[in-house]
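Undergrad: Attaching a single structure in structure tokens format; questions to follow.
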Amino acid sequence: MKQTEDLKVFISTGDRDSACCECGEALGRGAWITLVEGKGALCLACADLDHLIFLPSGKTALTRRARKHSILSAVVLKWSRARKRYERQGLLVEEQAMERAEAECLADGEVRARRREREAERRAELDREYVERFALRVRELFPACPTGRERVIAEHACRKYSGRVGRSAAGKSLDEEAIRLAVTAHVRHAETRYDELLGKGYERRKAREQVEEKVLQVLGKWEGATNSGA
């Protein structure tokens, strides 16, 4: 079941300094934020939307299919001073929805070119050496996590936009708490119904409460090899 109303992400155009109302991270001009009634602005990481992939406007068939397949999605808007209104820049969708939509459009040469562009963008976003060190630290702290999952977590956490934990000072120093936050976020999105609940309109804190027990179970299992000596 899809959310009944589009979630909205805004690209900040203001010149004044502001900060995320949860983590305190600076949100300057060009920051991607959500607005929470009675609170203020949240960075994408605190809004739990940082795992979504941006699909720019202009590719109608791909956008339609990606949105259809994505349990959780958000419209990206930016204020136009010339037109005095918010204008749609594109859509944030789940990666598997993007891949499924691309597969359906595979015969379209433009989509194939977009896939190459996206892979190039992803490679440019990643500091390979840092990702490897981050992944090794994940494996050290969660030795029983599924093979290859540490790399997925590291690549996600270390991308250079949207305020992900891997880009913080603690993440760059491979601080244990920062690594645990990254793994916890991955488990929440990949191993529980969390995104489905958000897509159905659940408030973020309520959705987290619903999946908290499952998250703790998975984290405990992934840490298990340390306790068992395996």
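The values are calculated or read from the model by the stated rules, or taken from the named source; none is laboratory data. Predicted model only: the values in this text are computed from it and were never measured. Cβ sites come from the backbone with ideal geometry, for glycine too, and all protein chains shown count toward neighbours. When the accessible area is computed, the model is the full protein with side chains, heavy atoms only, and any ligands, DNA or RNA have been set aside. Shrake-Rupley method; radii C 1.70, N 1.55, O 1.52, S 1.80 Å.
Undergrad: Which ones in the range 28-65 are in a strand (DSSP E or B) and over 27 Å from ARG100 (Cα atoms)?
TA: So the first thing to find is which residues in the range 28-65 are in a strand (DSSP E or B), and the list is 32-36, 40-43, 53-56.
Answer for the range 28-65, where residues must be in a strand (DSSP E or B) and over 27 Å from ARG100 (Cα atoms): LEU35, VAL36, GLY40, ALA41, LEU42, CYS43.
Okay, residues lined up against (1) closer than 21 Å to ALA74 by Cβ; (2) open to solvent by less than 30 Å² (accessible area, probe 1.4 Å); (3) among the small types (Gly, Ala, Ser); (4) at pLDDT below 85:
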{"residue": "GLU95", "(1), (2), (3), (4)": "yes, no, no, no"}
{"residue": "ARG100", "(1), (2), (3), (4)": "yes, no, no, no"}
{"residue": "ALA124", "(1), (2), (3), (4)": "no, no, yes, yes"}
{"residue": "VAL138", "(1), (2), (3), (4)": "no, yes, no, no"}
{"residue": "ILE153", "(1), (2), (3), (4)": "no, yes, no, no"}
{"residue": "ALA157", "(1), (2), (3), (4)": "yes, yes, yes, yes"}
{"residue": "TYR161", "(1), (2), (3), (4)": "yes, no, no, yes"}
{"residue": "ILE179", "(1), (2), (3), (4)": "no, yes, no, no"}
{"residue": "VAL183", "(1), (2), (3), (4)": "no, yes, no, no"}
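Undergrad: Still on this structure, I have one more. Could you grab me the full set of residues in the range 196-210 that are buried (at least 16 other Cβ atoms within 10 Å of the Cβ), under 14 Å from CYS46 (Cα atoms) and not aliphatic (A, V, I, L, M)?
TA: Matches in the range 196-210: ARG204, ARG208.
Undergrad: When the range 46-56 is examined, which residues are found to be surrounded by 18 or more Cβ atoms within 10 Å (Cβ to Cβ) and over 18 Å from ILE71 (Cα atoms)?
TA: The answer is CYS46, and nothing else.
Undergrad: Please identify the pairs in which a residue from the range 195-206 that is in contact (Cβ under 8 Å) with a residue 24 or more places away in the chain has its Cβ atom under 7 Å from the Cβ atom of a residue that is open to solvent by 80 Å² or more (accessible area, probe 1.4 Å), counting only partners at least 6 apart or on another chain.
TA: Pairs found: LYS200/MET1; GLY201/THR4.
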